[in-house]
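Chemist: Structure incoming, see below.
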């Protein structure tokens with residue numbers, strides 16, 4: 001009597017686990033899906049023009065923190081460039097100048113750069129607000145612990161793919 005029940009139980013367990021695996025795969029497919037570029041289901045994402053028609057000569061964002069030295073400041077300024085998604089970073093640390101460039105991802109809206117205080121003294125996080133008003137970090141500007149120089153480092157790279165959409169719950 002016990003012999004015929006064993007294959008039946010094994011077959012039932014196999015079928016149940018296969019069904020759970022298929023359900024898990026189906027949930028994964030609902031998160032992100034591919035759109036055929038030749039036959040798009042959704043309209044293509046909006047993109048900003050490549051060049052700016054007018055460049056603002058004033059900084060679009062500025063971060064300032066006193067260094068503790070006489071008339072000394074740690075200053076980070078963000079300026080527009082001729083390219084819509086690119087910005088110039090100017091840094092001044094107690095008269096020591098420096099600069100870098102920054103590229104934001106094209107979210108289909110005008111970039112909204114933000115400068116925030118970093119986790120350590122004399123540090124600034126450069127980022128942007130996405131379309132859901134979430135702050136996304138891009139670069140960190142900071143003074144080294146010895147205090148004799150500053151550095152600019154990339155924290156994250158952001159990219160927008162044209163034929164993928166994230167489906168929210």
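Chemist: What number of residues within the range 61-88 are surrounded by 15 or more Cβ atoms within 10 Å (Cβ to Cβ) and touching a residue at least 24 places away in the same chain (Cβ under 8 Å)?
Modeler: The qualifying residues number 13.
Chemist: Can you tell me which residue is farthest from the chain's Cα centre (by Cα) among those in the range 119-130 that are surrounded by fewer than 19 Cβ atoms within 10 Å (Cβ to Cβ) and in contact (Cβ under 8 Å) with a residue 12 or more places away in the chain?
Modeler: Checked the range 119-130; the qualifying residue farthest from the chain's Cα centre (by Cα) is 121.
Chemist: Next question, about the same structure. Which ones in the range 89-112 are loosely packed, with under 15 Cβ neighbours inside 10 Å, more than 20 Å from residue 65 (Cβ to Cβ) and touching a strand residue (DSSP E or B) at 6+ places or on another chain (Cβ under 7 Å)?
Modeler: 101, 103
Chemist: What's the number of the condition residue 146 fails, among (1) over 27 Å from residue 48 (Cα atoms); (2) modelled with pLDDT under 90; (3) in contact with a strand residue (DSSP E or B) (Cβ under 7 Å, 6 or more places away or on another chain)?
Modeler: (3)
Chemist: Also: If residue 139 passes every condition in (1) at pLDDT below 90; (2) surrounded by 16 or more Cβ atoms within 10 Å (Cβ to Cβ) but one, which one does it miss?
Modeler: The one condition residue 139 does not meet is (1).
Chemist: Of 74, 33, which residue is part of a strand (DSSP E or B) and at pLDDT below 85?
Modeler: 33
The values are calculated or read from the model by the stated rules, or taken from the named source; none is laboratory data. Given the structure is predicted, the values throughout are model-derived calculations rather than measurements. Methodologically, a virtual Cβ is constructed for each residue, glycine included, from the backbone with ideal geometry; neighbour enumeration extends over all protein chains shown.
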